[in-house]
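Below: one structure, written as structure tokens.
The values are calculated or read from the model by the stated rules, or taken from the named source; none is laboratory data. Quick caveat: nothing in here was measured; it's all calculated off a predicted structure. Backbone-built Cβ (ideal geometry, glycine too); neighbour counts: all protein chains shown.
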Amino acid sequence: MPDTSPLSTIDLEALGLDRGAHLLVDRALAVLPVGGRLLVRGRAPALGIHLAVWARARGHGIEDLPAADGETRATLVRGGADVARWFGAERAGDPSPSGVSDRPDPTWGFAARGALVEAGGKSLPLDLDEKRWVWTDLAPQLYAQAAASQWDPNTAIDWGAAEPLPREIEAAVVQVMTYLVENEQAALVVPARFLGRIHPHFREAMQFLATQVADEARHVEVFTRRALLHGGPLGASGVGGRASLGTLLEEPDFALASFLLSVLGEGTFLNLLAFIERFAPDAVTRNVARLVRQDEARHVAFGLGHLEYQVTQDPELRDRLRAAIVRRHDALASTAGLSEDVFDALVILAAGGWNPEAIASGYRAVERLQVDMHDGRQRRLVRLGFSSADAAELSALHTRNFM
């Protein structure tokens, strides 16, 4: 055998493979080309048997040589370039986002994407295990943005700069904040329900949903803190609003729940938060609305991107989206929708005064808000492939509770 490398022969002395000698053999083989030969020598008992089992399990060839003076000798022939650690092992896709598999093997379990996975093992009980059901190429970018954009309620908002407001104006702010808390609690629960159903192979999608849950938890905190800022009790909760939010939890399909919550509901809330930021009577309320709107924009982008991807894989998804809107509308047909308390509070914020002209102006502002919400929903529906006429019809069926 040609000896062109100092590692083409290795003497394990008395060290057995059961005591770590395989590390030395692995290291010696790693520098050889495929087909390269390595003479292994050693005096450990049963070395020949252990070496044969170890080598064949890893895809290397082995040639036994006659023993001499109680020494085991064998020649190993290096296997393929990506030698399997275990017989039948395979790579769990590629670690990069471009290496995401369309449908990962259920037995990959929690293995890191790109890892060499030993064959066998139990499947994870996860039903969202296909790329088309959860993926968007925006997921890595949106997760990176979300991770970099997390903000601390204690430092991002100057709570000490709170301005005293007239009693009626403060009551309107508190009512709106109470309504927002209610809606954000629903927006927290919905993605949390699906997070544990996604195969970890789609890690960026799973990571993004985790940041979405964290965002919503933070939103609940800041809306509650603003509501209680001046020591008053929280506002009212209408049964129609709670019924509307409850229907979100009745949707077991991830695509449909994401559509109803993020594309329609949170998309509509972008307009609402912009309205609150514009007409906020104090800096704290204005900053709370601004910061939350930045987070919600990411949620909408993920939901829309995920559904755009899924529609390309399954054009019939649009029929299911349409059916989900109609089903929810029919379920809420007998409810009051948006609480009168919330509507009036928005009018008061936009009015900025108590004379008839100011109230009329505030009322028109809320009407414009509803038109803007309708227009935004239509644009997002058109992006999903609905015609303009269908988008207008379906947007009109969206819950009157906004979310």
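Before moving on, here are some points about what is shown:
- Of the residues examined, Q150 is one that is among the polar types (S, T, N, Q), under 27 Å from H201 (Cα atoms), part of a loop (DSSP other than H, G, I, E, B) and at pLDDT 90 or above.
- Tally, over the stretch 315-367, of residues that are touching a residue at least 40 places away in the same chain (Cβ under 8 Å), in a loop (DSSP other than H, G, I, E, B) and either loosely packed, with under 14 Cβ neighbours inside 10 Å or small (G, A, S) (or both): 6
- Of everything in the stretch 380-393 that is more than 16 Å from E266 (Cα to Cα), of a type in the set (A, V, I, L, M, F, W, C) and part of a helix (DSSP H, G or I), the residue that is farthest from the chain's Cα centre (by Cα) is A389.
- Pick from the stretch 383-403, criterion in contact (Cβ under 8 Å) with a residue 12 or more places away in the chain and small (G, A, S), ranking: farthest from T335 (Cα to Cα): G385
- When the stretch 108-121 is filtered for residues that are in a loop (DSSP other than H, G, I, E, B) and at pLDDT 90 or above, the ones remaining, listed by number, are G109, F110, A111, A112, R113, G114, A115.
- Lone qualifier among D26, D105, D64 - being closer than 30 Å to Y309 by Cβ and either at pLDDT 95 or above or not small (G, A, S) (or both): D105
- Residue that is in a helix (DSSP H, G or I), more than 20 Å from Y179 (Cα to Cα) and among the charged types (D, E, K, R), where the choices are R298, R290, R286: R298
- Pairs with Cβ under 6 Å, 6+ apart, first in the stretch 29-43 and within 11 Å of R73 (Cβ to Cβ), second among the acidic types (D, E) and surrounded by fewer than 17 Cβ atoms within 10 Å (Cβ to Cβ): R41/D11; R41/E71; R43/E71
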